[in-house]
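Read through the structure below, which is laid out as structure tokens, and then see the notes.
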Amino acid sequence: MNTYIKTLASDEFMGRKPGTVGEEKTLNYLQTVYEEIGLQPAFGDEYRQKVPMVSVAVSPDKMMKIHTEKQEVDLQYKKDFVAFSRNLKEPLILNNSDLVFAGYGIVAPEYNWNDYAGIDVKGKTVVVLVNDPGFATNDPELFNGRSMTYYGRWTYKYEEAARQGAAGLLIVHDDEGAGYPWSVVHNGAVIPKLYLKPEDGYKNRCLVEGWLTKSAAEDLFQKSGYDLVEFEKKASSPEFTSISLDAHVSFKMESAYREVTSYNIGGMIEGSKFPEEVLIYTAHWDHLGVGEPVKGDSIYNGAVDNGTTLAWMLEIAKAFKRLSEPAERSVMFLATTAEEQGLMGAKYYVQHPAFALDKTVANINNDLMLPYGQYKDVMVTGYGQSELEDLLKPHAEKQDRYIFPDPNPHTGMYYRADHFPFAKAGVPALFARGNTDSREHGKEWALQKEAEWLKNNYHKTTDEYEAWWDLSGTMEDAKLLFQLGYELANSRKFPQWKEGSEFKPTRDKMMKK
């Protein structure tokens, strides 16, 4: 396990960014490992699945100028805002564009909620809050309470603004609501972004997508004659009505793009009785590549994110291959590309699957497995979604462990990792690992270590392999998720989504065909 991580996170692999020399080194290495384990190619005669994308680099104005009735507000790039665009066809210009505050930017009929009701935002620039109303109010009856729904994710907010015809969307950032600090937003925005290759140049997307810092938003509202804190309270009520801020924004970006071919890479073991049915393990291979130097280091090595999880998946593959007889169902081990760019590789796979989705038993995914030894808990992100967590419980108990819901559901992690495209397509998906209760040091210590790691290393050049790492917990998780996978791969059962899951109707419809 250590060797896999040390190799993949070495400077030689240049941060494993898709479309770079680092990708080719990564793919060659993983294919060699798949072959050494004895896995068959998952895509016909090929281990690699071509994922056509575009890499988009933008050069924004250094200032975003906002004109109110009485004064101007000049926002500074990187300090106050970041901006980007996936629109490849249109000039990226906001010329005196009306500013509108649209609450959380949500249209959710099942919650009787429409932040865009009664206001036309076509051609305008919309400002919205991060997360969703249940988080802000702590009301368990509002949306999903403190647990973020997909409506709270930034990806949804950009999608909805585009559907409404907005020219731009700016999301107000705060650490708790987003689930990460401004540095993560900044680091993800200043490097070229990867998107799946579009047929229409993403003309249906906003010209400008971006984020505002909380302090910049407060200043903007104050100089427009409003109070952001007051508006945050109002926006959490279904009676809220979006309003014009009586302000206008002028801003432009230059954009350059190039076509990039990246790859998912998958190996498999064919089922002995039901080879057309498959269980899929996933772990993304990519990271952020080479970026701006920080204390002389410009390589984002991605040792924890996601070297640890690649090693976890490879250890499970070895365990399946060591069986005296192959499992009855096929088992695939899929290392996905461009997770850090918005789950692109996983999205592409579910659009172009090697196995029919109605024959895909489940997806077991992991991400960012911390190297702090063994845990008593098995933390389930997205707890309550599917029967997979119930099937996992007896296996956890055999390891003297217990199932524990993610204590930070407000961060929306269930919508931020590669299991989500599978879930969105209807395939039951599990994201589970030890995380919150150290077997040796307890809960407080474990949570402190997680917080320290996220603050000091997440999406930073400091995410490097260290000799002191204790990977015994990662190995224990590999044994645990192998046991669950072995049960599923030798069963006739298709796990189900639970009642109330937003993914259940898609699966039910799929399985009735």
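The values are calculated or read from the model by the stated rules, or taken from the named source; none is laboratory data. What you are looking at is a predicted structure, and each value in this text was computed from that prediction instead of being measured. Cβ coordinates were reconstructed from backbone atoms using ideal geometry, including for glycine residues, and neighbour counts include every protein chain displayed.
Can we say V127 is within 23 Å of K193 (Cα to Cα) and touching a helix residue (DSSP H, G or I) at 6+ places or on another chain (Cβ under 8 Å)? Against the criterion (within 23 Å of K193 (Cα to Cα) and touching a helix residue (DSSP H, G or I) at 6+ places or on another chain (Cβ under 8 Å)), V127 qualifies. Total residues in the stretch 463-489 satisfying the condition of being assigned to a helix (DSSP H, G or I) and not aliphatic (A, V, I, L, M): the figure is 11. Residue check: E502 meets all listed conditions (1) outside any helix (DSSP H, G or I); (2) farther than 23 Å from Y150 by Cα but one, namely (2).
Condition test on K65, is it buried (at least 23 other Cβ atoms within 10 Å of the Cβ) and either not in a loop (DSSP other than H, G, I, E, B) or not polar (S, T, N, Q) (or both)? Taking the combined requirement at face value, the residue does not satisfy it. The residues listed here are S262, S250, S242; of these, the one that is under 23 Å from V82 (Cβ atoms) and either among the β-branched types (V, I, T) or in contact (Cβ under 8 Å) with a residue 24 or more places away in the chain (or both) is S250. From the list N114, N95, the lone residue that is over 19 Å from M253 (Cβ atoms), in the same structural domain as S237 (by TED's automatic domain parsing) and in contact with a strand residue (DSSP E or B) (Cβ under 9 Å, 6 or more places away or on another chain) is N114. Looking across the stretch 404-431, the residues that are surrounded by fewer than 24 Cβ atoms within 10 Å (Cβ to Cβ) and under 15 Å from F494 (Cβ atoms) come down to A425, G426.
Considering each residue of the stretch 155-174 in turn, none proves to be touching a Pro at 6+ places or on another chain (Cβ under 8 Å) and outside any loop (DSSP other than H, G, I, E, B). Do you know which residues across the stretch 480-513 are closer than 21 Å to A283 by Cα and over 25 Å from the mean Cα position of the chain (by Cα)? The answer is Q483, Y486, E487, L488, A489. Out of the stretch 222-259, which residues are surrounded by fewer than 20 Cβ atoms within 10 Å (Cβ to Cβ) and among the β-branched types (V, I, T)? V229, T241, I243, listed by residue number. Just to be sure, is R329 over 23 Å from K50 (Cα atoms) and either in contact with a Phe, Trp or Tyr (Cβ under 9 Å, 6 or more places away or on another chain) or of a type in the set (A, V, I, L, M) (or both)? Criteria met by R329.
If I go through the stretch 351-378 residue by residue, how many of them are surrounded by fewer than 22 Cβ atoms within 10 Å (Cβ to Cβ) and not in a loop (DSSP other than H, G, I, E, B)? Qualifying residue count, the stretch 351-378: 4.
On the stretch given as the stretch 314-350, residues that are among the aromatic types (F, W, Y) and either more than 30 Å from G188 (Cα to Cα) or assigned to a loop (DSSP other than H, G, I, E, B) (or both) total 1.
Taking the numbered list (1) of a type in the set (D, E); (2) buried (at least 17 other Cβ atoms within 10 Å of the Cβ); (3) in contact with a strand residue (DSSP E or B) (Cβ under 7 Å, 6 or more places away or on another chain) in turn, E476 passes all entries but (3). If I filter the stretch 446-462 for residues that are modelled with pLDDT of 95 or more, closer than 17 Å to E389 by Cα, outside any loop (DSSP other than H, G, I, E, B) and among the charged types (D, E, K, R), do I get at least one hit? The answer is no, given that none of the residues of the stretch 446-462 is modelled with pLDDT of 95 or more, closer than 17 Å to E389 by Cα, outside any loop (DSSP other than H, G, I, E, B) and among the charged types (D, E, K, R). Of all the residues in the stretch 432-445, those that are surrounded by 24 or more Cβ atoms within 10 Å (Cβ to Cβ) and of a type in the set (A, V, I, L, M, F, W, C) number 1.
Scan the stretch 379-403 for residues that are surrounded by fewer than 19 Cβ atoms within 10 Å (Cβ to Cβ) and assigned to a loop (DSSP other than H, G, I, E, B) and the total you get is 5.
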